[in-house]
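Read-outs throughout are calculated quantities, based only on the coordinates presented, and are distinct from any laboratory measurement. From a predicted model like this one, the values you see are computed outputs, not experimental measurements. With ideal geometry, Cβ positions are generated from the backbone for all residues, glycine too; neighbour counts draw on all protein chains shown.
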Number of protein chains: 2
Amino acid sequence: MLYAPKEEIYSRIDRLKKLMEKASMDGAFFHYKIDYYYLSGTMQDALLFVPVDDEPTLFVKREITRAKRESPLERIVSIRSIKEIISHIKPMKNVGLQLDVVPYNDVIKFRDIIGNVNLINCSSLTRELRKKKSAFELTLIERASAIQKMVYEYVPEVLTEGMTEIELGGILEAYAKALGHEGLLRVRSLNYEAYTWHVLSGRTGSIVSQSDSPMGGLGLSPAFPVGASMKKIKRNEPILIDFGICYHGYQSDQTRMFAIGSMPNPFTDAYEACREIHYKVLEKIIEGLTSRELFEFSKKLAEKLGYGDYYLGYKPHKVRFLAHGIGLELSEFPFIAANHDYPIEEGTVLAIEPKMVFPKQGACGIENTVHISNGKYRILTDTDERIIIV
Amino acid sequence: MLYAPKEEIYSRIDRLKKLMEKASMDGAFFHYKIDYYYLSGTMQDALLFVPVDDEPTLFVKREITRAKRESPLERIVSIRSIKEIISHIKPMKNVGLQLDVVPYNDVIKFRDIIGNVNLINCSSLTRELRKKKSAFELTLIERASAIQKMVYEYVPEVLTEGMTEIELGGILEAYAKALGHEGLLRVRSLNYEAYTWHVLSGRTGSIVSQSDSPMGGLGLSPAFPVGASMKKIKRNEPILIDFGICYHGYQSDQTRMFAIGSMPNPFTDAYEACREIHYKVLEKIIEGLTSRELFEFSKKLAEKLGYGDYYLGYKPHKVRFLAHGIGLELSEFPFIAANHDYPIEEGTVLAIEPKMVFPKQGACGIENTVHISNGKYRILTDTDERIIIV
């Protein structure tokens, strides 16, 4: 198991403190495990407190031995009840709390403990910090991408006519897990779960669902209405596999197209259009277009190529993003989206996924996880991009 | 796919309204998908509003065609923005909101929309309702248990010396998915995720982690510090498989013990002690002991049998529950726990899991999902309870 090095963790804390100072925060509490993991190196049941002018304290409910092994922080304290933290903190005025994810009742109870302070959402700070990946983080994403490549290369060995979508998804997941895939993807949402088994064949690729994605899939039931289903995979239909991998908490996202026998049109041509959009947008990222400009550029290009009605879904189900940052969460900054307006900075990792959906017919598309740095882009998910015919 | 029948959904709504009346709520909003699924039959991206004296309205953001197919509710309305709900609701004084799960910022924004009302947590009402399972719900849990039985019976076919815990977990999950298992278990928590692949062998059974469970497991990394690991499974060590199954959103939980070659002591004897505790507690449920009394009874029995130091974990990591209700969530009412004091009512389904953990050696235990009704208990997870030697 790899643990985050001490310099790595303290450099994150230092950068956080600078942002806290800018936001006039005297201290900030991190209740949500994704963020305190980023800042401490452990995901044991804990609460992280970072004062702007002092050493952070990790309060651990369970299990402190592992927390101490995993986290290089100097102050790690065992608590039985959250109330015990009060003896470890100084009076403060402006206090950061993760108001975007911590439930209302928990915030109210916590405010009763820390007293009458001015609460500010501190999640925006960690989300900002997490945008740029360090060399250590990049290594873990690269490892996730490497597992992913092996999974995609395994598809032709197991894909057969008549197996169900979920059967194929399960087999791929089992294969990935044996290689170190952690099985769950993580998203910052009360209601949205990230399924790792997006295996859609033929018409199920055109089925929309609750998720903010051009394709939803049929899923297995009204209680799991997304992703792979009990539909049997047939010959000569498009098979879209969008399969996220998580290694040591870091995710990589990828989509490739498969078919048994042959891939029919419009999918073959549309897939090439997706590839063209994908690579032209990457060039425009390097040229410095902003998120919104990139999104608009991709939309116009899709229209020019004759796919305006199908690009990123059909009306009224079109989605308004082309790419999402990726790391500890499946969807993090930066985005390439209609309503985001910033340049795509150096050091970010994003999953770019142009897709076309044809009503009642199916979907096709490509997705790669890409690192932007030194005025270049680098594809981390470097699996063969040709349509694989089995 | 099975959809919840209209009578089922409206009977739940009627029972909810009675509880709302008691709690003096004029109306209640359900943002969390587990609860609005229970009350509407759909998990599309939506918000459910139930006025105490009128027909409920389901506001659907995405995707209304599926929501209408899945939900028998009469009023299903498409919205693009949450602000649009205001034209559908009457002025109210006391309003239910799911304050235990909805993030603080979302509650504040929502209050800005609905105006100056008195907010009350309405999750307690659905959690109370969901305690008793209907015949329809029981059918789905039984189906989950049936899949589970097939998975446990599949273990001897695939378990071999030298495979890793996660490899075995992945194979079992793939097998379960092909049968309809939905892959994720659901818990009502910001930080706690339910892993479905609790495969622990030998010493990893004694490793504690962040989760409130007697055994944690090593997991795959500091970012996934629970459950199966890369440890290779060896001969003559206890292999504990605690593998939840989810079918149409309904879960079943089960634990059985396996070994390659032979099961060493103390595990063989301790397993029999677990079975004795399991069945004696079930008898005491029928006799009418309260949750706390049942917990105390089990603790004393474990001590009498000579397992006081190992029962439900070793000090200081002992857990304070023996059983949890199960249904749409892995952990719901009722519990058999040290600090819960109510009788276990008729109509509930619970997972009872006496386990023994021996420091640095491993764990053993049994778990069954049980239905309590007509003054009897019925084991739904009726897999052979003998230790399986491969």
Of all residues in the range A:170-187 being facing chain B (nearest Cβ under 8 Å) and in a helix (DSSP H, G or I), the one that is farthest from A:Gly202 (Cα to Cα) = A:Ala178
Breaking point among (1) within 7 Å of chain A (Cβ to nearest Cβ); (2) more than 25 Å from B:Pro103 (Cα to Cα); (3) buried (at least 24 other Cβ atoms within 10 Å of the Cβ), for B:Ala223 = (2)
Only one of A:Gly170, A:Gly180 is in contact with an Asp or Glu (Cβ under 9 Å, 6 or more places away or on another chain) and not hydrophobic (A, V, I, L, M, F, W, C), namely A:Gly170
A:Tyr154 fails exactly one of the following numbered conditions: (1) touching a helix residue (DSSP H, G or I) at 6+ places or on another chain (Cβ under 7 Å); (2) surrounded by fewer than 24 Cβ atoms within 10 Å (Cβ to Cβ); (3) within 12 Å of chain B (Cβ to nearest Cβ). What is the number of that condition?
-> (3)
Within the range B:122-129, is even one residue over 30 Å from B:Leu2 (Cα atoms), surrounded by 17 or more Cβ atoms within 10 Å (Cβ to Cβ) and not aromatic (Phe, Trp, Tyr)?
-> no
Please give the number of the condition B:Thr65 fails out of (1) β-branched (Val, Ile, Thr); (2) out of contact with any Leu (no Cβ under 9 Å at 6 or more places or on another chain); (3) more than 13 Å from chain A (Cβ to nearest Cβ).
-> (3)
Sort out which residues of the range B:346-364 are under 19 Å from B:Ser252 (Cα atoms) and in a loop (DSSP other than H, G, I, E, B), and write them in order of number.
-> B:Glu346, B:Gly347, B:Glu353, B:Pro354
In the range B:337-359, which residues are under 30 Å from B:Pro264 (Cβ atoms) and small (Gly, Ala, Ser)?
-> B:Ala351
Candidates A:Glu167, A:Glu157 - the one that is without any contact (Cβ under 8 Å) to a residue 12 or more places away in the chain, assigned to a helix (DSSP H, G or I), out of contact with any Phe, Trp or Tyr (no Cβ under 9 Å at 6 or more places or on another chain) and under 21 Å from A:Leu220 (Cβ atoms) = A:Glu167
Pairs, please: C-beta under 8 Å, at least 6 apart or cross-chain, first residue acidic (Asp, Glu) and in the range B:101-126, second assigned to a strand (DSSP E or B)?
-> none
Can you find a residue in the range A:75-91 that is within 14 Å of another protein chain (Cβ to nearest Cβ), charged (D, E, K, R) and touching a Leu at 6+ places or on another chain (Cβ under 9 Å)?
-> no
For B:Glu345, state whether it is of a type in the set (Asp, Glu) and either over 20 Å from the mean Cα position of the chain (by Cα) or surrounded by 16 or more Cβ atoms within 10 Å (Cβ to Cβ) (or both).
-> no
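Here's the yes/no breakdown for (1) of a type in the set (Asp, Glu); (2) more than 28 Å from A:His181 (Cα to Cα):
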{"site": "A:Gln251", "(1), (2)": "no, no"}
{"site": "A:Arg256", "(1), (2)": "no, no"}
{"site": "A:Gly261", "(1), (2)": "no, yes"}
{"site": "A:Asp269", "(1), (2)": "yes, yes"}
{"site": "A:His278", "(1), (2)": "no, no"}
{"site": "A:Ile285", "(1), (2)": "no, yes"}
{"site": "A:Thr290", "(1), (2)": "no, yes"}
{"site": "A:Glu293", "(1), (2)": "yes, yes"}
Evaluate the range A:365-380: report whether one residue or more is free of Cβ contacts under 8 Å to residues at least 60 places away in the same chain, part of a loop (DSSP other than H, G, I, E, B) and either more than 30 Å from A:Arg203 (Cβ to Cβ) or out of contact with any Lys or Arg (no Cβ under 9 Å at 6 or more places or on another chain) (or both).
-> yes
Go through (1) surrounded by 24 or more Cβ atoms within 10 Å (Cβ to Cβ); (2) free of Cβ contacts under 8 Å to residues at least 60 places away in the same chain one by one and return the number of the condition A:Ile241 breaks.
-> (2)
Is it the case that some residue within the range B:105-116 is facing another protein chain (nearest Cβ under 8 Å) and touching a strand residue (DSSP E or B) at 6+ places or on another chain (Cβ under 8 Å)?
-> yes
If you scan the range A:309-336, which residues turn out to be farther than 23 Å from A:Tyr32 by Cβ and in contact with a helix residue (DSSP H, G or I) (Cβ under 6 Å, 6 or more places away or on another chain)?
-> A:Tyr311, A:Leu322, A:Ile336
State which residue pairs qualify: first residue away from every other protein chain (no Cβ under 14 Å) and inside the range A:1-19, second residue among the aromatic types (Phe, Trp, Tyr) and surrounded by 13 or more Cβ atoms within 10 Å (Cβ to Cβ) in any location, beta carbons under 8 Å apart, and separation of 6 or more residues or different chains.
-> A:Arg12/A:Tyr38
